[in-house]
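Here is the structure we will look at.
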Amino acid sequence: MSPVNRREAEVRRILEEPQPSVPPDLYAEAVRRGGRMLRRRTVARRLMWLVLLAAVVAFVVWLSVAQPWVEPPSETTPPLTGW
């Protein structure tokens, strides 16, 4: 018997055996856990968007106050020569 035939026979034997019974409350437990996971993901996603929005607002406020594109005023005056 070749390895492929042995595998097929093993799979057929496993499939022909009676399957174990599933606990009756398994479906309800899976639905409860799945709902909880979805709620957590939704809250996490909303929190991430809120943090991103706060970061953008803080960046825009910093830009409007600091104006980093404007050259700062000089601290000293150039020397006056040639008067």
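The values are calculated or read from the model by the stated rules, or taken from the named source; none is laboratory data. It should be emphasised that the depicted structure is a prediction, and the values quoted were computed from it without experimental measurement. We place every Cβ from the backbone using ideal geometry, glycine too, and count neighbours over all the protein chains shown. Keep in mind that these areas ignore ligands, DNA and RNA; they rest on the heavy atoms of the full protein, side chains included. Shrake-Rupley method; radii C 1.70, N 1.55, O 1.52, S 1.80 Å.
Derived value for the chain: Kirkwood hydrodynamic radius 21.3 Å. Basis is the mean of 1/r over every pair of different alpha-carbon atoms. Farthest towards the positive end of the charge dipole of the chain, among the residues G35, L50, P73, is the Cα of G35, using unit charges on the Cβ of Lys, Arg, Asp and Glu. Estimated at the nearest 10 Å², the accessible area of R32 is 120 Å² with a 1.4 Å probe. Note on L63 and R40: the extension gain reaches 4.8 nm, defined as 0.36 nm multiplied by sequence separation minus the Cα-Cα distance.
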